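A.B. asks: I have a structure here, written as structure tokens, and I will follow up with some questions on it.
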Amino acid sequence: YILETAVYPREPELLKEIRIITENHPLSIIASVPDSGQLISLLLKLINPKKTIEIGVFTGYSLLLTALAIPRDGKATIDLDRDAYEMGLPVIKKAGVEHKINFIQSLALTVLDELLGDHENRVSFDFAFVDADKVNYQKYHERLWKLLKATLKILPSRERIRIKGCRFLAVAIIAFKSLKSL
């Protein structure tokens, strides 16, 4: 009921297209959900990020949402499954935001370690979105913390996860490095 009355009517048409494409994928259950997307959209408007990173792209729902919100500066995206990403790619191209996306087909930890190896990347990202394998969340968190400026990180999960001894159950976990950034 809530999706039909409050979420879907506010969902931009291009995101709706990717959601419908995703529904036909056998692993559609792992996709970002539209109500989380609306929360992410609100947060993106609040912090106005320029350089972002996304781990776990799947068909590109949250990726498109972020690409629509950021300026031309670009976005790094990491996923192992290029085939799933390419399902949503026609919609991303239709939106005219493909130039903002740097799709990296790789293990995320490998790419994060490479980014950290270049000191210019440290504290250079404004926003991170993680919706990938839950087993590595703590490792992603530790690396992203070094890459992010004093803004926020979102780690969505539909299950309990443990980060540095804390347990969370939420669609989005928001960790502030500094309140001064808002």
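A.B. asks: Which one is most open to solvent (accessible area, probe 1.4 Å), of the residues in region 29-46 that are in contact with a Leu (Cβ under 9 Å, 6 or more places away or on another chain) and not in a helix (DSSP H, G or I)?
C.D. replies: Once the filter is applied, the top-ranked residue is Val33.
A.B. asks: Considering Pro71, Pro12, Pro26, Pro49, which residue is open to solvent by 70 Å² or more (accessible area, probe 1.4 Å) and modelled with pLDDT of 80 or more? So that I can check it myself, show each step before the final result.
C.D. replies: Details: Pro71 fails: open to solvent by 70 Å² or more (accessible area, probe 1.4 Å); Pro12 fails: open to solvent by 70 Å² or more (accessible area, probe 1.4 Å); Pro49 fails: open to solvent by 70 Å² or more (accessible area, probe 1.4 Å).
Answer to the check: Pro26.
A.B. asks: Scan region 90-132 for residues that are open to solvent by 20 Å² or more (accessible area, probe 1.4 Å) and of a type in the set (A, V, I, L, M, F, W, C) and report the count.
C.D. replies: Going through region 90-132 one residue at a time, the tally reaches 9.
A.B. asks: Out of the residues in region 74-89 that are touching a residue at least 40 places away in the same chain (Cβ under 8 Å), part of a helix (DSSP H, G or I) and open to solvent by less than 50 Å² (accessible area, probe 1.4 Å), state the one that is farthest from Tyr140 (Cα to Cα).
C.D. replies: Among those that are touching a residue at least 40 places away in the same chain (Cβ under 8 Å), part of a helix (DSSP H, G or I) and open to solvent by less than 50 Å² (accessible area, probe 1.4 Å), it is Gly88.
The values are calculated or read from the model by the stated rules, or taken from the named source; none is laboratory data. What you are looking at is a predicted structure, and each value in this text was computed from that prediction instead of being measured. Cβ sites come from the backbone with ideal geometry, for glycine too, and all protein chains shown count toward neighbours. Heavy atoms of the whole protein, side chains included, go into the accessibility calculation; ligands, DNA and RNA do not. Shrake-Rupley method; radii C 1.70, N 1.55, O 1.52, S 1.80 Å.
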